[in-house]
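Reviewing the structure listed below.
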Amino acid sequence: MDTNENSPHNDLLETRKVLKTMMIAAFALIILLSAGLWFMSRYLQNPKPQTMTTYSNKKTNVQLSPNIPQYIWPEDRLTLLNFWASWCAPCKKELPQLNQLAQDLPNLNVVLLNVDNKNENSEIAIQEILSKISPLFAKNLSVDPQLMSDFEVEVLPSSFLVNSHKEIVWKSSGEIDWLSAESLLRLSKFIKYDKKKAQKPAEN
């Protein structure tokens, strides 16, 4: 008799316990999601340079001065270096997009570094490729293939973002869709971050 009378009461207590547990779990989930969104927003606003052992605490203009003219390095803009070759199909696919970036993003200095072994046939091939994306807004420079070793490039195409202080802040190996929303967002964030960094003195 007593058991039957207490049964509804016990069921009510159990229900309250379950609801309380669910509410606590939901509250904890909301806190975790909020913290994650806050962290992502902070990171996207101030993307930190990726650490690269080879270039840690080194100035790229010092290492590359014999190979790349100083005019390639604007003091007030982020630079995108893209290694490419005339025989590389993914490279040729990227070129029109990179040229579009150079036209659409005035705060991004786009430099195409061609690493073909220099001969008459390669020169003809290079000119034919570049003529298809005329007018050329990006800078194109023929460099010694040895430069690939200096940058530890193992795959073509390979791209590097270099900030106003000549520090490599990002690297990519392989083909990229440069006009995708993800790529444009990444570039815009790095450009924004570089403007802030350009106003500060370079670290020794």
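The values are calculated or read from the model by the stated rules, or taken from the named source; none is laboratory data. Since this is a predicted model, take the numbers as computed values, not measurements. All Cβ positions, glycine included, derive from the backbone under ideal geometry; neighbour counts span all protein chains shown.
In this structure, Q127 qualifies as assigned to a helix (DSSP H, G or I), surrounded by fewer than 13 Cβ atoms within 10 Å (Cβ to Cβ) and of a type outside the set (S, T, Y). Scanning segment 145-179 for residues that are touching a helix residue (DSSP H, G or I) at 6+ places or on another chain (Cβ under 9 Å) and of a type in the set (S, T, Y) returns S158, S159, S164. Count of segment 105-144 residues, restricted to those that are more than 11 Å from N82 (Cβ to Cβ), in contact with a helix residue (DSSP H, G or I) (Cβ under 9 Å, 6 or more places away or on another chain) and at pLDDT 90 or above, is 12.
Scanning segment 140-174 for residues that are among the charged types (D, E, K, R) and crowded, with 19+ Cβ neighbours inside 10 Å returns a single hit, E167.
Rundown of residues vs (1) in the same structural domain as L136 (by TED's automatic domain parsing); (2) surrounded by fewer than 21 Cβ atoms within 10 Å (Cβ to Cβ); (3) modelled with pLDDT of 95 or more; (4) part of a helix (DSSP H, G or I), yes/no style:
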position	(1), (2), (3), (4)
N67	yes, yes, no, no
S86	yes, yes, yes, no
K93	yes, yes, yes, yes
N99	yes, no, yes, yes
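Annotation: S122 fulfils all but one of (1) out of contact with any Asp or Glu (no Cβ under 7 Å at 6 or more places or on another chain); (2) farther than 23 Å from P74 by Cα; (3) part of a helix (DSSP H, G or I); the unmet one is (1). A search for C-beta distances below 8 Å between a residue of segment 174-189 that is in the same structural domain as L105 (by TED's automatic domain parsing) and any residue that is loosely packed, with under 12 Cβ neighbours inside 10 Å and of a type in the set (S, T, N, Q), counting only pairs 6+ apart in sequence or on different chains, returns K189/Q45.
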